[in-house]
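Participant: Shown below is the structure under consideration.
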Amino acid sequence: MVGTKEMTVYEEVNVFFDRAAERLGLDDGVREMLRRPWRELQVSVPIRTDDGAIKVYTGYRVQHNGARGPYKGGVRYHPLADLEEIRALASLMTWKNALVDIPFGGAKGGIQCDPRTMSETELNRLTRRYTLQIEHLLGVNRDIPAPDLGTNSQTMAWMMDAYGQVHGYTPGIVTGKPVELGGSVGRDSATGRGAVYVLREAANDIGISPAGARIVVQGFGQVGSWTVRLLADMGCKVIGVSDVEGGVYNSGGIDIDALLQHKLSSGTVSDFPHGDRVTNEELLELECEFLVPAAIDKVIHGGNAAKLKAKVVVEAANHPLTPEADDILNEAGVSILPDILVNAGGVIVSYFEWTQNFYQHQWDMERVNDELGKIMTRAYVAVREKSAAERITMREAAFMIGVGRVAKVVKMRGFI
Ligand code: GLU
């Protein structure tokens, strides 16, 4: 039985990995080699707080697999960011980068902290200290961090600066930087844009008009807010939106421009006056065509999966469904568009940024979005075709493609 409460996120991701490995017929040794992170670093990150005290945080960098290229993945600042979670997220990066076929391995980093309670200067000190603690593992051809939950382009600017103090000017050491410091245009919207591309393709395949579809989005950070904005531009009816404080529901469709304004002024969408207030749990259970979890992992689990009334779940977050929820929804005929496909837009534009940094040349928005669209569509079509040909779920197909590519390269390189 999968998905019991005792399973860690890492074990859960490996349920999906094992299913793919089984279908691919990989032998036990190769499985073990692909499952385990190649390198894990845990560091202590002491900083002086604004009131003069010393506080010590724990940071991580997990390099899951480097067979296909330099390790690549974000840095998460979150109270729940422990080694097991970072491991799970690092492994998802390996399969994601292989699935969309960009030349990276997978990694993830993080600090167990609550950035919402920290000042700008504390975050700057924390980020610099963390960077210096993991700097010997990084490199433009070794490991390239990026933003994730709780971090942003400012965090990347600090990381680049701290790394540069040791190694000299190296913009390609991180992606997701401010455009003024060598970041790529379109990086901030990239994950949301990629998710919307996938949603649109899937809507066409299933025969639902995206313009008329009712959509619910959980999470209003970088990913959720861009997804909502781009969906509204496409004429979709977003009927429910939430952030950590709670959500808002309006069956007639939420006025997204007004919502974005409201979020700017009040800091939350939960008290937006033009709709009914809902909790995050209630939001997930709203009747809709597309439900887009765009916040944290494991929000849909054995306890609430059967209550969902969505036709399609679009996993913009990393690992929003436990394997148990995945089984329940598949059984109920709900389509699930998997995370390693849906949210790959961020790392794809990170790849463009890294490439631009080599040449010190900036692409324009049209080129970024155009090439992002091509890669996302190619990956979506590959997943859909494999899923249809082998009569398996989109997740199984996506993992089979990703895991299969890494397994092949591991053999070619002669590690085993
Ligand atoms: N944190 C993002 C993810 O989970 C992006 C990683 C990157 O750009 O390297 O895919």
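The values are calculated or read from the model by the stated rules, or taken from the named source; none is laboratory data. Predicted model, so just to flag it, every value in this text is computed and none were measured. Reconstructed Cβ throughout: ideal geometry from the backbone, glycine too, with neighbour counts over all protein chains shown.
Participant: In the list Gly194, Gly172, which residue meets the criterion of being within 28 Å of Val342 (Cβ to Cβ), within 11 Å of the ligand (Cβ to nearest atom), of a type outside the set (Lys, Arg) and in a helix (DSSP H, G or I)? Working first, answer last.
Facilitator: Numbers: Gly172 fails: within 11 Å of the ligand (Cβ to nearest atom).
Only one candidate passes the filter, namely Gly194.
Participant: Would you mind finding the one in Val383, Val347, Val403 that is touching a Lys or Arg at 6+ places or on another chain (Cβ under 8 Å) and buried (at least 24 other Cβ atoms within 10 Å of the Cβ)? Break it down into steps so the answer makes sense when it comes.
Facilitator: Details: Val383 fails: touching a Lys or Arg at 6+ places or on another chain (Cβ under 8 Å); Val403 fails: touching a Lys or Arg at 6+ places or on another chain (Cβ under 8 Å).
Answer to the selection: Val347.
Participant: Is at least one residue of segment 38-47 crowded, with 21+ Cβ neighbours inside 10 Å and more than 15 Å from the ligand (Cβ to nearest atom)? Give the steps one after another, and end with the answer.
Facilitator: The initial filter retains those residues of segment 38-47 that are crowded, with 21+ Cβ neighbours inside 10 Å, namely 45, 47.
Then keep just the ones that are more than 15 Å from the ligand (Cβ to nearest atom); that gives 45, 47.
Yes, some residue in segment 38-47 is crowded, with 21+ Cβ neighbours inside 10 Å and more than 15 Å from the ligand (Cβ to nearest atom).
Participant: Scanning segment 115-125 for residues that are assigned to a helix (DSSP H, G or I) and hydroxyl-bearing (Ser, Thr, Tyr), which turns out nearest to the ligand (Cβ to nearest atom)?
Facilitator: Step one: list which residues in segment 115-125 are assigned to a helix (DSSP H, G or I), which gives 115-117, 120-125.
The next check asks that each one be hydroxyl-bearing (Ser, Thr, Tyr); those that pass are 117, 121.
Numbers: Thr117: 22, Thr121: 24 Å.
Filtering segment 115-125 for residues that are assigned to a helix (DSSP H, G or I) and hydroxyl-bearing (Ser, Thr, Tyr), the one nearest to the ligand (Cβ to nearest atom) comes out as Thr117.
Participant: Given the options Asn318, Asn357, name the one that is modelled with pLDDT of 95 or more, out of contact with any strand residue (DSSP E or B) (no Cβ under 6 Å at 6 or more places or on another chain), in a loop (DSSP other than H, G, I, E, B) and within 16 Å of the ligand (Cβ to nearest atom). Reasoning before the result, please.
Facilitator: Working: Asn357 fails: in a loop (DSSP other than H, G, I, E, B).
Result: Asn318 is the single residue among Asn318, Asn357 that is modelled with pLDDT of 95 or more, out of contact with any strand residue (DSSP E or B) (no Cβ under 6 Å at 6 or more places or on another chain), in a loop (DSSP other than H, G, I, E, B) and within 16 Å of the ligand (Cβ to nearest atom).
Participant: In the set Val347, Val368, which member is over 28 Å from Met7 (Cα atoms), within 16 Å of the ligand (Cβ to nearest atom) and either out of contact with any helix residue (DSSP H, G or I) (no Cβ under 7 Å at 6 or more places or on another chain) or assigned to a helix (DSSP H, G or I) (or both)?
Facilitator: Numbers: Val347 fails: over 28 Å from Met7 (Cα atoms).
Unique residue meeting the criteria: Val368.
Participant: Restricting the search to segment 60-85, which residues are more than 10 Å from the ligand (Cβ to nearest atom) and of a type in the set (A, V, I, L, M, F, W, C)? Full working, then the answer.
Facilitator: In the first step, residues of segment 60-85 are kept if they are more than 10 Å from the ligand (Cβ to nearest atom); the result is 60-70, 77-85.
Residues satisfying the conditions are Val62, Ala67, Leu80, Ala81, Leu83.
Participant: Can you report the number of residues in segment 48-81 which are out of contact with any helix residue (DSSP H, G or I) (no Cβ under 8 Å at 6 or more places or on another chain) and surrounded by fewer than 17 Cβ atoms within 10 Å (Cβ to Cβ)?
Facilitator: Result for segment 48-81: 9.
Participant: What is the one condition in (1) away from the ligand (no atom under 16 Å from the Cβ); (2) aliphatic (A, V, I, L, M); (3) in a strand (DSSP E or B); (4) under 18 Å from Lys237 (Cβ atoms) that Ile336 does not satisfy?
Facilitator: Failed condition: (4).
Participant: Further, regarding this structure: Condition test on Ala232, is it more than 18 Å from Asn343 (Cβ to Cβ) and modelled with pLDDT under 95?
Facilitator: Numbers: more than 18 Å from Asn343 (Cβ to Cβ): yes; modelled with pLDDT under 95: yes.
Yes; evaluated as a whole, the condition is true for this residue.
Participant: Considering only segment 103-121, state which residues are surrounded by 18 or more Cβ atoms within 10 Å (Cβ to Cβ) and touching a strand residue (DSSP E or B) at 6+ places or on another chain (Cβ under 8 Å).
Facilitator: Just the residues of segment 103-121 that are surrounded by 18 or more Cβ atoms within 10 Å (Cβ to Cβ), to begin with: 104-113, 115, 118.
Those that are surrounded by 18 or more Cβ atoms within 10 Å (Cβ to Cβ) and touching a strand residue (DSSP E or B) at 6+ places or on another chain (Cβ under 8 Å): Phe104, Gly105, Gly106, Ala107, Lys108, Gly109, Gly110, Ile111, Gln112, Cys113, Pro115.
Participant: Give the residues of segment 300-315 that are surrounded by 20 or more Cβ atoms within 10 Å (Cβ to Cβ) and outside any helix (DSSP H, G or I), sorted by residue number.
Facilitator: Let us first name the residues in segment 300-315 that are surrounded by 20 or more Cβ atoms within 10 Å (Cβ to Cβ), namely 300, 305, 308, 310, 312-315.
Answer for segment 300-315, where residues must be surrounded by 20 or more Cβ atoms within 10 Å (Cβ to Cβ) and outside any helix (DSSP H, G or I): Ile300, Leu308, Ala310, Val312, Val313, Val314, Glu315.
Participant: Scan Gly139, Gly183 and give me the residue that is touching a residue at least 40 places away in the same chain (Cβ under 8 Å) and within 12 Å of the ligand (Cβ to nearest atom). Walk me through it before giving the result.
Facilitator: Values: Gly139 fails: within 12 Å of the ligand (Cβ to nearest atom).
Gly183 is the lone residue from the list that is touching a residue at least 40 places away in the same chain (Cβ under 8 Å) and within 12 Å of the ligand (Cβ to nearest atom).
Participant: Moving to a separate point now. Could you give me the residue pairs with C-beta distances under 6 Å whose first residue belongs to segment 227-252 and is assigned to a strand (DSSP E or B), whose second residue is among the aromatic types (Phe, Trp, Tyr) wherever it lies, and which are 6+ apart or on separate chains?
Facilitator: Final answer for the pair search is Gly240/Tyr249; Asp243/Phe220; Val248/Phe272.
Participant: Of the residues in segment 86-114, how many are part of a helix (DSSP H, G or I) and within 12 Å of the ligand (Cβ to nearest atom)? Even if it seems obvious, please write down each step before you answer.
Facilitator: Of the residues in segment 86-114, the ones part of a helix (DSSP H, G or I) are 86-99.
From the residues that got through so far, the ones that are within 12 Å of the ligand (Cβ to nearest atom) too are 86, 88-97, 99.
Number of matching residues: 12.
Participant: Go through segment 142-159 and report how many residues are away from the ligand (no atom under 14 Å from the Cβ) and either surrounded by 18 or more Cβ atoms within 10 Å (Cβ to Cβ) or of a type in the set (Ser, Thr, Tyr) (or both).
Facilitator: Summing the residues that are away from the ligand (no atom under 14 Å from the Cβ) and either surrounded by 18 or more Cβ atoms within 10 Å (Cβ to Cβ) or of a type in the set (Ser, Thr, Tyr) (or both) in segment 142-159 gives 2.
Participant: If you don't mind, another one. Being assigned to a loop (DSSP other than H, G, I, E, B) and of a type in the set (Ser, Thr, Tyr) is the filter; apply it to segment 253-271 and report the residue that is surrounded by the fewest Cβ atoms within 10 Å (Cβ to Cβ). Talk me through it step by step, then tell me what you get.
Facilitator: Initial filter on segment 253-271 (assigned to a loop (DSSP other than H, G, I, E, B)): 253-255, 267-271.
Retained after the next criterion (residues that are of a type in the set (Ser, Thr, Tyr)): 268, 270.
Details: Thr268: 16, Ser270: 21.
So, considering only residues that are assigned to a loop (DSSP other than H, G, I, E, B) and of a type in the set (Ser, Thr, Tyr), the one surrounded by the fewest Cβ atoms within 10 Å (Cβ to Cβ) is Thr268.
Participant: Pull up segment 216-226, narrow it to residues that are part of a helix (DSSP H, G or I) and not hydrophobic (A, V, I, L, M, F, W, C), then point me to the one that is farthest from Ile296 (Cα to Cα). Step through it out loud before you land on a result.
Facilitator: Filtering segment 216-226 for residues part of a helix (DSSP H, G or I) gives 222-226.
Keeping just the survivors that are not hydrophobic (A, V, I, L, M, F, W, C) gives 222, 224-225.
On the way: Gln222: 13, Gly224: 11, Ser225: 14 Å.
Going through the qualifying residues, I end up with Ser225.
Participant: What is the number of the single condition among (1) at positive phi; (2) assigned to a helix (DSSP H, G or I) that Val15 does not meet?
Facilitator: (1)
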